[in-house]
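Here's the structure, in structure tokens; my notes come after.
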Amino acid sequence: MPSLDAQSIFDRHLPAKVSLQAEADCYAPSNIALSKYWGKRNKALNLPQNSSLSISLRDWGSRTKISASTTGDDSVSLNGKHLAPESPFARKLIGHVEAFRRDQTIPLRIETINTIPTAAGLASSASGFAALTLALDAAFGLELPKSTLSMLARIGSGSASRSLWHGFVEWSCGDEQDGSDSIAHPLDGVWPDFRIAIVPVDTGPKSQSSRDGMNHTTATSPLYKVWPDQAETDCAIIRNAVLEQDFETLGATAEANALAMHATMMAARPALIYLKPQSWQILDTVRDSRKKGHAIYATMDAGANVKLLFLSQDEAHVKEVFPTADIICPFEPLVP
Ligand code: PMV
């Protein structure tokens, strides 16, 4: 069950009683932030210290199916495998379901399929909470506006607020204490040549969750003071770069923003270091490529894997230099 604060937000947006109206089957893409969310001003509501802007990963995401459970209990599965109710994944997921279920007994069967290759080492909480929120809305026939769904998905996982749309998405920080203006919206900007490559470094579980990592950074890093303003500035620069299709500004700002975020973590006490020697080697290779005239930029999240940003004209070069990378074309039509 979410904290009382979160519950009051659900109370405000959901009817007092819900019932299962239909089976639901919903998909949400994962996303990678070009300017990052790192640090919360309200932990219960996942309200960020700064706005952030992401690109969705098209067919890399989560599909969640909700139907009536025939056993009288909730049943949760992930990639076809039944999960024990006390497993961390099932508990987090059921906590979100409880908030929608309004204290009623409606046993559900919740099946999640992640379409993100495990070898890519990418977290799926953003797409997972977004797909779950969409599926709960559909299953209970709520028909909530997408902006409200973004806010409710955010309570499950901050970055999930951005996973309700394809393409470029901005999550506005907002000022309201209840987070009613801390919601995401899609940006105008179809950019067919835009490419992302995931270069796997470490595909195991994170050394520290982003939730714990950002709380530790905000509490102890002397460099964190400068982060929210810089991140807000970077977000605005990247928004303009998206609208003007100025790739070099977008890439350079995204890379600088990721490195600044990692600098705040490394200055935390004790230090929080997600990057591994191989991540730094990849960053070196990216810089070398740039010196040779290829506009390739890197970004990294709460893990060691490196994500590359480039345009289709550099795809052959990326494939040659990073043969283990998976390449995503975020604006190619999605085949259902
Ligand atoms: O929403 P969370 O708790 O998974 O945090 C996401 C944090 C980063 O991925 C590092 C940055 C971001 O904006 O996605």
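At the listed q of 0.19 Å⁻¹, the Debye profile of the range 290-336, built from one uniform point per Cα, gives log10 I(q)/I(0) equal to -0.71. When shorter helices are ignored and each DSSP H run of at least 4 residues is given -39500 (n - 2.57), the per-residue value for the chain at 222 nm works out to -11500 deg cm²/dmol. Residues of the range 84-116 with an amide N closer than 12 Å to a point placed 7 Å from the Cα of ARG12 along the Cα-to-Cβ direction: none. When Rg and the Kirkwood radius Rh are both evaluated on Cα atoms of the range 209-336, their ratio Rg/Rh stands at 1.00.
Shown for the range 51-100: the carbon plus sulfur share of the solvent-accessible area, taken with all protein chains present and a 1.4 angstrom probe, equals 53%. For SER312 and HIS82, the difference between the fully extended length at 0.36 nm per residue and the C-alpha to C-alpha distance is 78.8 nm. For the residues ALA153, ALA219, ALA231, a GNM of the chain with alpha-carbon springs under 10 Å puts the largest fluctuation on ALA219. Shape of the range 50-160 from the C-alpha gyration tensor: oblate (a/c of 1.5 or more and a/b not above b/c, with a ≥ b ≥ c the square roots of its eigenvalues). In this simple spin-label model, placing a label point 7 Å from the Cα along the Cα-to-Cβ direction at both GLN278 and GLU232 gives a separation of 3.9 nm. Fully extending the segment from PHE89 to ARG290 would add 68.3 nm, taking 0.36 nm per residue of separation and subtracting the current Cα-Cα distance.
Taken per residue, the accessible surface of the range 17-118 reaches 43 Å², heavy atoms only and a 1.4 Å probe.
What FRET efficiency comes out for GLN104 versus ASP175 if R0 is 30 angstrom and r is the Cβ-Cβ distance? Round to the nearest 0.05.
That gives a FRET efficiency of 0.30.
Annotation: per residue accessible area for the range 215-336 equals 48 Å², rounded to a whole number [probe 1.4 Å, protein chains only]. Built from the Cα atoms of the range 1-65, the convex hull projects on average onto 6.3 nm², one quarter of its surface area.
What is the sum of charges, Lys and Arg at +1 and Asp and Glu at -1, for the other residues whose Cβ falls under 9 Å from the Cβ of ALA138?
On the way: positive: none; negative: GLU23, ASP25, ASP137, GLU143.
Net local charge, ALA138 excluded: -4.
The calculated Kirkwood hydrodynamic radius for the range 189-246 is 14.8 Å, given to one decimal from all distinct C-alpha pairs.
Taking the accessible area of the range 201-336, probe 1.4 Å, and keeping the other protein chains in place, the carbon and sulfur fraction comes to 53%.
Across all C-alpha atoms in the range 30-94, the radius of gyration and Dmax reach 16.2, 45 Å.
Taken over the Cα atoms of the range 1-112, the convex hull encloses 133 Å³ per residue.
For the listed residue pairs LYS36/LYS319; LYS43/LYS225; LYS43/LYS65; LYS17/LYS81; LYS81/LYS146; LYS36/LYS146, the alpha carbons are over 20 angstrom apart in LYS36/LYS319; LYS43/LYS65; LYS17/LYS81; LYS81/LYS146; LYS36/LYS146.
Checking every one of the chymotrypsin sites (Phe, Trp or Tyr not before Pro) in the range 195-285 against DSSP loop status and a limit of 16 other Cβ atoms within 10 Å picks out no site at all.
Bridgeable aspartates and glutamates around LYS292 (alpha carbons under 19 Å apart, same-chain partners fewer than 8 residues away excluded): GLU248, GLU255, ASP284, ASP314, GLU315, GLU320. The C-alpha atoms of the chain occupy a region whose extents along the principal axes are 62, 42, 36 Å, arranged from largest to smallest.
Among beta bridges from DSSP that stay inside the range 67-154, the antiparallel ones total about 55%. All other residues whose Cβ lies under 12 angstrom from that of ASP103 are scored, Lys and Arg at +1 and Asp and Glu at -1, for a net of +1. Sorting PHE168, PHE331 by accessible area puts them as PHE331, PHE168; the probe is 1.4 Å, largest comes first, and only protein heavy atoms count.
The values are calculated or read from the model by the stated rules, or taken from the named source; none is laboratory data. The structure displayed is predicted, hence computed values, not measured ones. So basically every Cβ, Gly included, is an ideal-geometry build from the backbone, and we count neighbours across all protein chains shown. Ligands, DNA and RNA are stripped out before the accessible areas are found, and what is left, the full protein with its side chains, is counted by its heavy atoms. Shrake-Rupley method; radii C 1.70, N 1.55, O 1.52, S 1.80 Å.
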